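Here is the structure we will look at.
All of the numbers you see were taken from the coordinates with simple rules; none came from a lab. Since the model is a prediction, treat every value here as computed from it, not as a measurement. Cβ coordinates were reconstructed from backbone atoms using ideal geometry, including for glycine residues, and neighbour counts include every protein chain displayed.
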Amino acid sequence: MSAVREALDALRLVDHHCHGTVTGDLGREAFEPLLTEGDAWPGVSPFDSPVGVAVRRHCAPVLDLPRHAPAEEYLARRSGLGWREVQLRFLRASGADVFCVDTGYSPEPLTTPHEVAEAAGGSAYEVVRLESVAESVRAAGVEPDAYADAFRAAALDAVRRPGVVAVKSVAAYRTGFGLDPARPPDAEITEAARHWLLRGGRLDDPVLVRHLLWTAVDLGLPLQLHTGFGDNDIRLHRADPALLTDWLHLTAGTIPVLLLHCWPYQRQAAYLSAVFEQVYLDVGLTLHHVGPARAGAVLAEALEITPFRKLLYSSDAYGVAEFHHLGALAFRQGLAGLLQERVDADELSLPDALRFARWAGRDNALRIYGLNDD
């Protein structure tokens, strides 16, 4: 095993973006859809996809099963252990001890940040999803001309909760990033709010999404932005982070902007991190979807020009605890292979490689979110 891989395997990771896991045992019909960002197709199992194969290869041993255990055996063992034991095993196996948990999406009951931390034997913090805040303001009832102030007040209340370290937007899903980058005037916000409050539904008005992003700047906390790969609700061509360029010019010198996931736009995200002081990135959920076999290839493209102080680790684990372990394993293996290759080619010294590995896996996130390294 290489020196870089040994160091990364021993490093306690900071998972700067993840979710809770389902609080209940899952049969096949409930488990399989959580493996994939796609819809279920009759006769096609998510176990027969790159992520499904990676789960059977790399997660089965954590459940005391042989590598490549058949799906039926895997699910039977998982059910026999129970969801709490499964969660504990995969969180401990991940080797992460700090988690920033997005609590804004929970169509089913999920573990809380406290429960994630308890299972992992570490600590957890909250990431506030701003679209959820806006939708709670609408649900509570507000007049159009009071919406802007009501949203700002609700967002401030949310980020003042103990343990909140960042905010997040899913603008990529709602409107895409091809927005007018300027802060919208009050009259436009009021008119847009009038239409949205009458229509209802989720926040997907371009003016109100712009207002949300500028409110994030005013809040002063790091802003996480989903970019690139997601489920079929997203329009991928509108989730290219390069579309944020004009907005990033206008917000220079304000808050850290963390581009999540990025695939297939990891090179565009790398460019933004190289030319904008406030931009950082991860490749997030991409790593468990491509699996350890291809993690190095994705990271290689992300790190072609990304400053080493700008790369972070996240699992984006949601619903099933397997992704905590699989994401961490893919990150460690992929980054170690990439850095060691450069060391072996004398393009990088070993001390620098070890330093950069620690930055990406831990120190960058601790610095950006203002967390103590206990």
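Things worth noting here:
- Modelled label positions at Arg267 and Asp246, each set 7 Å beyond Cα in the direction of Cβ, lie 2.5 nm from each other.
- Estimated purely from DSSP H runs of n ≥ 4, each contributing -39500 (n - 2.57), the mean residue ellipticity at 222 nm for the chain is -14000 deg cm²/dmol once divided by its residues.
- Estimated D of the chain in µm² per second, where Rh is the Kirkwood radius over Cα pairs and Stokes-Einstein applies at 25 °C, 0.890 mPa s: 116 µm²/s
- Protection proxy ranking, peptides 209-216, 191-198, average beta carbon neighbours within 10 Å, highest first: 209-216, 191-198
- Leu350/Glu143 FRET efficiency (R0 51 Å; Cβ-Cβ; nearest 0.05): 0.25
- Span from the the range 101-121 Cα centroid across to the the range 11-55 one, whole angstrom: 16 Å
- Paramagnetic reach from Glu188 (point 7 Å along Cα→Cβ, amide N under 18 Å) across the range 233-251: 243-251
- Whole-percent pair-distance distribution, where bins are 5 Å wide, for the alpha carbons of the range 254-299: 6, 24, 29, 20, 12, 7, 2, 0
- Other residues whose C-beta falls under 14 angstrom from the C-beta of Leu179 contribute a net charge of -1, scoring Lys and Arg +1 and Asp and Glu -1.
- Burial ranking of peptide ranges 80-93, 312-325 (average Cβ count within 10 Å, highest at the top): 312-325, 80-93
- The simple spin-label model puts a point 7 Å past each Cα toward its Cβ; for Arg294 and Ala30 those points are separated by 3.0 nm.
- Shape box of the range 25-81 [Cα atoms, principal axes, largest first, Å]: 30, 23, 17
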